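This is the structure, below, for whatever I ask next.
Just so it is clear, none of the values below were taken in a lab; they were calculated from the coordinates. This is a predicted model, so every value here is computed, not measured. Methodologically, a virtual Cβ is constructed for each residue, glycine included, from the backbone with ideal geometry; neighbour enumeration extends over all protein chains shown.
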Amino acid sequence: AGGLSVKDITEEVQEAVAASGIRNGICSVYSPHTTCSVRVNEWERGFLEDFAVLLRRLVPSEHYYAHDDWDRRTENVCPEDMEASNGHAHCMSMLLGPAGESIPVRGGDLQLGQWQRVLFLELDRERERRWTVQVVGV
């Protein structure tokens with residue numbers, strides 16, 4: 001049915017900013033996975049539950065997706081043990097927009113609002129994932 005999960009990666013991103021030595025600039029956080037996304041928003045259980053319900057209503061995993069039709073699909077096919085029916089997760093990812101966020105850095109700190117956190121969204125199923133942090137500035 002699709003394992004939507006969210007991880008708060010704010011502290012890891014702030015640690016990368018500190019390790020970079022950049023005091024003022026931009027921090028880019030990016031997901032190299034087609035069924036994951038990085039977003040800035042509030043970490044609050046009610047909101048996260050509401051967001052998951054919304055995504056599942058918009059893109060139900062039970063619907064037909066040509067991406068999952070093995071009689072039709074001939075491109076970008078993984079070995080059998082790696083491939084899953086995840087057309088819904090790809091569609092969710094496209095709806096969410098770019099795979100990353102750019103966050104201002106001032107005084108060596110991420111310039112996030114009071115309730116803002118950097119969130120890593122897994123839209124398919126949990127497995128080992130990574131994100132890339134790049135900090136540019138002075």
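What are the ³J(HN,Hα) couplings of the stretch 56-62, residue after residue, when phi is run through the Karplus curve with 6.51, -1.76, 1.60 and θ = phi - 60°? Round to Hz, x for glycine and proline.
My calculation for the stretch 56-62 gives 5, 6, 5, 9, x, 5, 7 Hz in order.
For residue 42 paired with residue 71, estimate the spin-label separation in nm (one decimal), with each label point 7 Å from Cα along the Cα-to-Cβ line.
For the pair residue 42/residue 71, the computed spacing is 4.7 nm.
Also: Across the chain, where is the longest run that never hits trypsin sites (Lys or Arg not before Pro) in a DSSP loop with at most 12 other C-beta atoms within 10 Å?
1-71
Quick one: net charge of residue 27's neighbours, Cβ under 15 Å, K/R +1, D/E -1?
-1
Using θ = phi - 60° and the Karplus form 6.51 cos²θ - 1.76 cosθ + 1.60, what ³J(HN,Hα) does each residue of the stretch 123-131 get, whole Hz, x for Gly and Pro?
Couplings: 9, 10, 9, 5, 6, 5, 10, 9, 9 Hz.
Excluding residue 88 itself, calculate the net charge of residues whose Cβ lies under 9 Å from the Cβ of residue 88, where each Lys or Arg counts +1 and each Asp or Glu counts -1.
Counting the neighbours of residue 88, the net charge comes to -2.
Normalised by the residues of the chain, what does the relative contact order come to in percent, with Cα pairs under 8 Å and at least six apart?
That works out to 55 percent.
Here's something else I'd like to know. May I ask for the net charge around residue 103, where only other residues with Cβ less than 12 Å from the Cβ of residue 103 are counted and Lys, Arg are +1 while Asp, Glu are -1?
Charge balance in the 12 Å sphere: +1.
Cα centroids of the stretch 75-129 and the stretch 1-48: how far apart, whole angstrom?
8
Rounded to the nearest 500 deg cm²/dmol, what is the calculated helix-only ellipticity per residue at 222 nm for the chain, with -39500 (n - 2.57) per DSSP H run of length n ≥ 4?
Mean residue ellipticity at 222 nm (helix-derived): -8000 deg cm²/dmol.
Given axes a ≥ b ≥ c from the Cα gyration tensor, I'd like to know whether the stretch 21-99 is rounded (a/c under 1.5), prolate (a/b larger than b/c) or oblate.
Since a/c reaches 1.5 but b/c is at least a/b, the shape of the stretch 21-99 is classed as oblate.
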